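What follows is one structure encoded as structure tokens, with my remarks underneath.
The values are calculated or read from the model by the stated rules, or taken from the named source; none is laboratory data. Just so it is clear, the model here is predicted, and its values are computed rather than measured. Cβ sites come from the backbone with ideal geometry, for glycine too, and all protein chains shown count toward neighbours. The protein model used for the area step is the full one, side chains on, heavy atoms only, and it has no ligands, DNA or RNA in it. Shrake-Rupley method; radii C 1.70, N 1.55, O 1.52, S 1.80 Å.
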Amino acid sequence: MKYLSAVTLLSCTIACATTQTTEPASEAEAATEDTMNQADPYLWLEEVEGEKALNWVQNQNKSSLAHFEADPRYNQYLESAVDLLNAKDRIPYGAVRGGVIYNFWQDETNVRGLWRKTTPESYRTDDPQWETILDFDKLAADENENWVYKGSVCLAPDFTRCMLRLSRGGKDASVYREFNIATKSFVEGGFELPEAKSSVDWVDENTLSVATDWGENTLTTSGYPRITKLWKRGTPLKSAETLLEGKTEDMGVWPMNLHTPDINLVGVVKYMSFYTHEYYLRKADGSLFKLPIQNSASLNEFYKGRFLISLREKWEHQGQTYAQGTLLAIDANSVIETGKIDKVEVLITPDQRTSIEGVSASKSGLFVTLLQNVRSKVLKMDVSPEGTWSSKEVNLPNTGSIYVGSANAFDDLIFFSYEDHITPDTLYEFIPGQADLKPIKSLPARFDASNLVVEQFEAKSADGELVPYFLIRAKDTVFNGETPTILYGYGGFEISLTPSYSSTRGKLWLERGGAYAIANIRGGGEFGPRWHRAALKENRQRAYDDFFAVAQDLIDRKVTQPKNLGIMGGSNGGLLVGVGLTQRPDLFNAVVCQVPLLDMIRYTKLLAGASWAAEYGDPEDPEMRKVIEKYSPYQNVKKDTEYPKAFIMTSTKDDRVHPGHARKMVARLMEYGHPVYYYENTEGGHAAAANLKQRARRYALEYVYLSQELGLK
């Protein structure tokens, strides 16, 4: 089963907004817009494909690339990054569908990638025999399109009928086309959606649930679809039957079908905001009913006749109070029949340093991933016919991150992967009836970690909150404050920064003597809803204070000092380091700011920005505007302040976070005489890279810059 969450929306598994700006809806708004135009001389840089804007981009790219590529280390870093990303001995992570292992693979030969499959028996060997389903390089050449594969939605239980999502240049806007795995071909006359920020799900072989741009006035102010319909095979798309229609001010309306061996329910989820939503399910008579849970609660899974619900806030129901962050099970049959919740079962109530990271159902059981002090563990849960729940920890390492690599309700076979900051990924196979998990594939070490150590510390933030962070450093580090150090952060949208093995980070930075820190600041999901909500809207400054506290703690411990300390972040993390640049330039000497939000006064008017008002607040609200104006980086660049020479990068094809944020920030810094580097990839979407070659180039540029600014030889 697929379900929607803030993380899903942020990563844009579903569609993101297409419009570039929102037109003023009234004379008053138009007057405000005119005032903004006069105050902001760089609005022309928001014209994504405008000739003047692209000429400006070309000039900035030329200048920055000339500087970085002249560094003797650039070619070395680029070659290392290319080798690492194209390594043949990478783990071919696979999805189990219908007893078959599917994998998407890219390397230096297959730049756009291969979609391929093999048997479980072959997959377990050191040299699986792959059968190519679709060659995306060949497809792009044959169709003269810049296709980037964005995933597939396949019909259970055999999973051979799929809707492929294809993007031009890596944009979120995508084309959907029906594909038959058995014949390895697109279905002639099959389902096909034109380029839009669409989302689809299968109802049955001849019916799709579709959310897309249906024409005039069918998108929300966030640019998402506000209508989900049922589309029958062989009928025009325009004749599809409306399932649910939301309001223009809603965030969006998307398909959410529940398909397991026990049930096949057509569903729709309406997001009023990023963190409030309503779930609707279709009865046999075609009518919809709303799942009677809190608007802030999330539907995680369906398992053995139960809806599994997680709570973002405490819930009082029938005289009982259920704590924030709790995972609950409610009887599906009684809800469907009566529209009311009869029985509630408590599965897990996390403590203050624990959060529920994921819930995955399979034929083998229910697997719940927990984070305990930012380290993973997995519980295998099940329920007896009498209704008694059991829980047992899965025997996996518990000092890093564990991911459920593949699980679905139609298959017994499950894959787990484990990694930490200095331990390469290992893939484990869970087979029902076997007590221990079997490691079947391991990533070889990509860098020398023999002299590295990982430590976890806490820093005290401005309001006294203890904020954890990881530090990766050499065992023989001399604590004289001179170690070149990168501090990475995110702090938003319930996203947790868990331990991860990065070959490029290890090879291009750690192995050469640099230190690397990861801050688990508020706004993220490391400690559940309370950790996220502590930095929402008017409390956003807490996330930035947490980040500064970690930086200061690194300095106080004499790991580093401001001239040797750099910060890095992307998207919401780009906003974080943008605030670091403008609020505390004294703390840092380098800033890598990737695909960032930076103009927080106009963010709701740019691309998907309106959908994030539940996170940052609406700048059109006078009280929120006062809060936002205090930290919005673009509005807080000063002429008479000395800033570190930042490196800001974005992508022309990023149709999620508007490239105008990065462009305007650079223009403002240059206007005030502050040196800055800028690079804009002309494709690649929000990842700022459409393929492995582009990603390698980005890494080379970043680490040359950091080496130059922080003094790493």
Can you give the helix-only mean residue ellipticity at 222 nm for the chain, where every DSSP H stretch with n ≥ 4 adds -39500 (n - 2.57) and the sum goes over all residues, rounded to the nearest 500 deg cm²/dmol?
-6500 deg cm²/dmol
Between the modelled labels at Glu629 and Thr321 (7 Å from Cα along Cα→Cβ) the distance in nm is 4.0
Work through the residues other than Lys247 whose Cβ is under 12 Å from its Cβ and net out their charges, Lys, Arg +1 and Asp, Glu -1.
-2
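Over all distinct Cα pairs, what is the inverse of the mean 1/r for the range 626-713, reported as the Kirkwood hydrodynamic radius in Å? Can you show the working numbers first?
Details: mean 1/r = 0.0696 Å⁻¹.
Computed over the range 626-713, the radius equals 14.4 Å.
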Under the rule of at least 5 residues apart or a separate chain, name every residue whose amide H is placed under 5 Å from the amide H of Ser500.
His421
Would you work out what percent of the accessible area of the range 114-228, with all protein chains in place, is carbon or sulfur (probe 1.4 Å)?
43
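Any idea what the dipole of the range 364-427 comes to, in debye rounded to 20, about its Cα centre with Lys/Arg Cβ at +1 and Asp/Glu Cβ at -1? Kindly include the intermediate steps, with their values, before the conclusion.
Numbers: 4 positive and 8 negative charges, 42 e Å.
Roughly 200 debye, rounded to the nearest 20.
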In bins 20 Å wide, starting from 0, what share of all Cα pairs of the chain does each bin hold, as a percent?
17, 53, 29, 1
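Which is the longest stretch in the chain that no exposed loop site breaks, taking sites as GluC sites (Glu not before Pro) with a DSSP loop state and at most 11 other Cβ atoms within 10 Å? Mind dumping the intermediate values first?
Working: sites that count: Glu49, Glu188, Glu205, Glu216, Glu386, Glu642.
My reading of the result: 387-641 is the longest stretch.
Quick one: work out Rg over Rh on the C-alpha atoms of the range 369-518, Rh as Kirkwood radius.
Values: Rg = 18.5 Å, Rh = 17.7 Å.
Answer for the range 369-518: 1.05.
For Lys363 and Asp126, FRET efficiency with R0 = 30 Å and r from the beta-carbon atoms, rounded to 0.05?
On the way: r = 28 Å, r/R0 = 0.92.
The computed FRET efficiency comes out at 0.60.
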Determine the per residue accessible area of the range 119-198 with all protein chains present and a 1.4 angstrom probe, expressed in square angstrom.
44
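Kindly state, to the nearest 0.05, the FRET efficiency for Asn398 paired with Val346, given R0 = 30 Å and r defined as their beta-carbon distance.
On the way: r = 23 Å, r/R0 = 0.78.
Computed FRET efficiency for Asn398 and Val346 comes out at 0.80.
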So, for the range 372-440, what is the accessible surface per residue at a probe of 1.4 Å, expressed in square angstrom?
43
Taking all protein chains as present, what is the carbon and sulfur share of the accessible area of the range 574-704, in % to the nearest whole number, probe 1.4 Å?
45
Between Ser185 and Glu337, with labels modelled 7 Å along Cα→Cβ, what's the label distance in nm to one decimal, could you check?
4.9
Loop only per DSSP, at most 12 neighbouring Cβ atoms within 10 Å: give me the trypsin sites (Lys or Arg not before Pro) in the range 57-155, ordered by residue number.
Lys88
What residue among Gly325, Gly151, Leu587 has its Cα farthest toward the positive end of the dipole of the chain, where the charges are +1 on Lys, Arg and -1 on Asp, Glu, each on the Cβ?
Leu587
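Cβ under 13 Å from Ser334's Cβ, Ser334 left aside: what net charge do those residues give with Lys, Arg +1 and Asp, Glu -1?
Details: positive: Arg306, Lys340, Lys343; negative: Asp331, Glu337, Asp342, Glu345.
Counting the neighbours of Ser334, the net charge comes to -1.
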What's the local net charge at Asp545, with K and R +1, D and E -1, over the other residues with C-beta under 13 Å away?
+2
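Would you please name the chymotrypsin sites (Phe, Trp or Tyr not before Pro) within the range 604-676 that are DSSP coil residues with at most 14 other C-beta atoms within 10 Å of their C-beta?
On the way: sites: Trp612, Tyr616, Tyr631, Tyr634, Phe647, Tyr672; in loops: Tyr672.
Of the chymotrypsin sites (Phe, Trp or Tyr not before Pro), the ones in loops of the range 604-676 whose Cβ has at most 14 other Cβ atoms within 10 Å are Tyr672.
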